[in-house]
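For reference, the structure discussed in these notes is given below.
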Amino acid sequence: MGEKKSQECCQSAEAQVTHCKAKVIEPRTLCECSSVIAPPSLTTGRLVVKVPVVLAERTIQVDVESMIRLECPALEIKRIRKNLFLTQCRLLPRVGKLFISGFVRKNIEYATASCVGDCAISGDIKHTTVNVPFECFARIPFTANPVINVNEAATELEIFDPHNIGRALREQDLESVENFNEKIFCELISARFNEVDIVDSGCPVHGFPEETIFQSTSHFEAVAVAADQSREHSTRCRKRMLRRRLKVK
């Protein structure tokens, strides 16, 4: 009787199993391609080159406090993945102030409590993605002072009017110069996150005094943003030998 019941259970389980559609599509093994050295064609002699010059490289700490409400009530937060994005990074070179703004993208994975038994809690793994904005400014000391070309005032050449014996009011001779400066670029180097997540309030789970069902959490984090500000600069460069041959043994 025991073997018969076991066979009936196996047949019932096989009847409930559907055909799996997952499969491997067109597998193939790639062969290695050969590669050879391609020497660059460079110009020799005295040159004027334009290279980026790092004006400053600083780490700015941004403190952010936020409250996040999840889509579904949660039993436990499993993982929080964070990424930093800058929407603005502007440097005022005359006063040495950097204005930055952006957001921290958080992907929060959490477990829900769909059913509660005598000694077990079961649920699903869900996720919520939010963008936490921030903005601040910081004073930036320069490691290399930027060269700023300012516009001079226009010069005027007065014309003599022989009829009125004085200045010609209907004729003007003006000269003005417009100087342009290279744009200062901001590059994000790294971001370090230190965060504390606190559940402010929740509902206890019947039969599990240590567990709590919650939907809102408070987040306190300190973000260390490392960025540099660079600008292209023209300089003279002398190279005795610009052609370099690579030897591969």
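Has the range 28-43 got any residue that is surrounded by 10 or more Cβ atoms within 10 Å (Cβ to Cβ) and either at pLDDT below 90 or closer than 30 Å to Ser216 by Cβ (or both)? Yes, that holds for at least one residue. Scanning the range 161-197 for residues that are of a type in the set (Phe, Trp, Tyr) and in contact with a strand residue (DSSP E or B) (Cβ under 7 Å, 6 or more places away or on another chain), which turns out farthest from Ile77 (Cα to Cα)? Once the filter is applied, the top-ranked residue is Phe185. Cβ-Cβ distances below 8 Å connect the following pairs, each with a first residue in the range 134-148 that is among the charged types (D, E, K, R), a second residue that is at pLDDT 85 or above and part of a strand (DSSP E or B), and a separation of six or more residues or different chains: Glu135/Gln88; Glu135/Phe99; Glu135/Ile100; Glu135/Ser101; Glu135/Gly102; Arg139/Lys97; Arg139/Leu98.
The values are calculated or read from the model by the stated rules, or taken from the named source; none is laboratory data. A quick note: this is a predicted structure, and the numbers were derived from the prediction, not measured. Here Cβ is always computed from backbone atoms with ideal geometry, including for glycine, and neighbour counts include all displayed protein chains.
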